[in-house]
Amino acid sequence: MDVGTISIVVVLGLIVLLAIGMPLGLASAALALLVMVMKFEPTMLTHTACYLWAECEGQRIPGLLTSRPGTGPLYILLQKIFDLMTEYVLLSVPLFIFMAALLERSGIAKTMYDALDYWLSRVRGGIAVVTSIMAVIMAAMSGIIGGEVVLLGLIALPQMLRLGYDQNLAIGTICASGSLGTMIPPSIVLIIYGLITETSIKALFTGAFIPGFMLASFIIIYILVRTNLNPSLAPLPEPRPDDVGGGQKVMRFGGFLTILFGGFAVAVLLRAVFFTLTGQNILEEGEDAITWGMPYDIPYILGFLALCVVLGLFVFGRENCREGWKHGAGMVPPFVIIGVVLGSIYGGITGITEAAGMGALAVFLISVILDRSFEEWKAFFYDNRVKVAMFGAATIVVAIIVASIIPGQTGVIAGAMVVVIAGFYWCMRAPGKVDLVWDGLMRTLRSTGTIIWVTIGAAALAGAYTLAGGPNYIANLIVGSEMPTMLVLLTMMLILLFMGAFMDWVGIVLLIIPVFLPIVRRLPIEEIGFIGELDPKWLSVWFGVLFCMNMQVSFLSPPFGPAAFYLKSVAPPHISLTDIFRGFLPFICIQLCALAVLLIWPSIVTLLL
């Protein structure tokens, strides 16, 4: 059967199956089987009875699917699915989901919100700006969308409604900002796109930095401009007892930043000293230098640290530094988690999967630390000093024994794992931590199960359609039509916007991207955009970032924009879905403006590459 007919059957079949409520994974798998039969063994449709009754065997025409089981196109399709599901990087998806589940109940987000609220509470629209900044930081921690919208709905929405903020502004800010996890690394959408298209995930993360923060800045600028033009949309709250004048607050914020950057300088200094003492920064021929990890970097780091000390003591003053740290300490745990996840990736310490695991562990440990104040921890260790000392000594002894039994670097790693497991066991004894981890694991299982089944079904359909020659057929059809390059891209964006209103992003990236990306690769690259010129080697990265920006719109698009349903689950009863979608309209326009920037100026993606 010709590929044109198969294409029509796939599109109509997908629309019908989704319309009757069949899950996307099952619908895609069923259509994949139909495509394979139509292309490689159509006699199963024309002579179905001959496959069921022996007396018809003489009429049967053997096809490629059933003539030699274990070979042919069916084997190729199964191998493709197996290769995708056994990708090591795919393990990062459940780890990031687990980290987001822990983050939602850990108290880290609440302390961060309180810290940001102190610094921006006297700014017109400050609570909405705090919500957007908080969403950016949370996106950089986990890259999950649904959990962010729910968490912001629980923390920020009641506060904004209580202060008299415009309901549409509050709703749009929460959902548009909460969807930034699509764009800002470590985005799960970028990870799946990288796996499907065999594009460097690290390059995708780097390329998405500027567009992601550009979109966030568009949202914040819109909030500030609109609330200052119409102050009734965002009334200023009553002054708090601990509020100070603007100049004094700036000095306190400067003191807080001084302490924060000073602590960062100490961490970088210890890293450089460790590399120097262990000889890990001795380079072989052709190796690149370790960023801020070479012996000649140490004097510069010491100079920066000395500058922080001078600023803290003689410019901002001890009192401002103390007060600044008191009100800004809630922002430190999120920065630590971001440093663990993104710092380990870009510092060359670990890969993406290991960084996700380290991030989940960091969230858990920080949640344990935040359960008690500093004074309470002092009292706890004093009251249990004998038990703590015995447990610590036993752990160290066992770690040393394990490290000495197992030779080489493996022994050192095994000894370190003993310490980590012992610390995890001790943390799990804290009140409520078993329930926290169990709830996080259950939510991770449900979310990952959904993603995996959709991935299997959509990968099967995409693979079957590829074997049938679909992508080449579509590419030849579009390229042969001699449409202008930008018109082709605009058509693709409209199709993605339409599909995003009805289909989950996982299905889109697995079904549509394998068809669209070969077309984009065949377009004249010099005709892409109007400002700057895109480097051909970063074409897949640019299209991936463009796709993620498009998915930003889909999270808000009616009738099935998932952000609306996430917020509805925690919103007050008087807020209907119609109210929520009405609040999305100006923010959808902002997202479309950001999408237009990527189309007009594609090289913005490559500025950091």
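The values are calculated or read from the model by the stated rules, or taken from the named source; none is laboratory data. Predicted model, so just to flag it, every value in this text is computed and none were measured. Methodologically, a virtual Cβ is constructed for each residue, glycine included, from the backbone with ideal geometry; neighbour enumeration extends over all protein chains shown. Note: accessible area is taken over every heavy atom of the protein model, side chains too, but ligands, DNA and RNA are not part of it. Shrake-Rupley method; radii C 1.70, N 1.55, O 1.52, S 1.80 Å.
Accessible surface of the chain, 1.4 Å probe: 70 percent of it comes from carbon and sulfur atoms. At the listed q of 0.17, 0.22, 0.24, 0.27 Å⁻¹, the Debye profile of segment 372-430, built from one uniform point per Cα, gives log10 I(q)/I(0) equal to -0.63, -0.85, -0.93, -1.04. Summarised as an ellipsoid, the chain has semi-axes of 46, 32, 25 Å, derived from the eigenvalues of the Cα gyration tensor scaled by 5 and square-rooted, with the largest first. Taking a Cβ cut-off of under 9 Å around Lys249, the surrounding Lys, Arg, Asp and Glu residues balance to a net charge of +1, with basic ones at +1 and acidic ones at -1. Packing, as the average of other Cβ atoms within 10 Å across residues, places the peptides 298-304, 190-196 in the order 190-196, 298-304, highest first. Residues in segment 281-389 average 59 Å² of solvent-accessible surface per residue, probe 1.4 Å, ligands and nucleic acids excluded. Peptides 101-107, 217-223 ranked from most to least packed, by the mean per-residue count of other Cβ atoms within 10 Å: 101-107, 217-223.
For the chain, the longest principal axis of the C-alpha atoms and the axis of helix 352-370 are separated by about 40°.
Summing charges over neighbours of Gly172, with a neighbour being any other residue whose Cβ is under 12 Å away from its Cβ, gives 0 when K and R count +1 and D and E count -1.
The distance separating the Cα centre of segment 528-593 from that of segment 183-202 comes to 17 Å. Under a model in which nothing but the beta-carbon of Lys, Arg (+1) and Asp, Glu (-1) is charged, the chain shows a dipole of about 1160 debye around its Cα centre. Sorting 399-410, 132-143 by their mean Cβ neighbour count within 10 Å, with the most densely packed peptide first, gives 132-143, 399-410. Rounded to whole numbers, the Karplus 3J(HN,Hα) couplings from phi for segment 595-605 are 5, 5, 4, 5, 6, 6, 10, x, 6, 4, 5 Hz, using 6.51 cos²θ - 1.76 cosθ + 1.60 with θ = phi - 60°, and x at Gly and Pro. Ignoring lysines fewer than eight residues from Lys326 along the same chain, the ones with Cα atoms less than 21 angstrom from its Cα are Lys110, Lys249, Lys378. Accessible area of Tyr296 (1.4 Å probe, protein heavy atoms only, ligands and nucleic acids ignored): about 130 Å².
Against the main long axis of the alpha-carbon atoms of the chain, helix 374-383 sits at an angle near 80°. At 222 nm, what helix-only mean residue ellipticity would the chain give, in deg cm²/dmol to the nearest 500, using -39500 (n - 2.57) for each DSSP H run of four or more? Estimated from H runs of four or more residues: -23000 deg cm²/dmol. Accessible-area rank, largest first, for Lys202, Lys326: Lys326, Lys202, with all protein chains present and a 1.4 angstrom probe. Taking Cα atoms only, the orientation of helix 146-162 departs from the longest principal axis of the chain by about 50 degrees. For Met294, the accessible area of its heavy atoms, probed at 1.4 Å with every protein chain present, is near 10 square angstrom.
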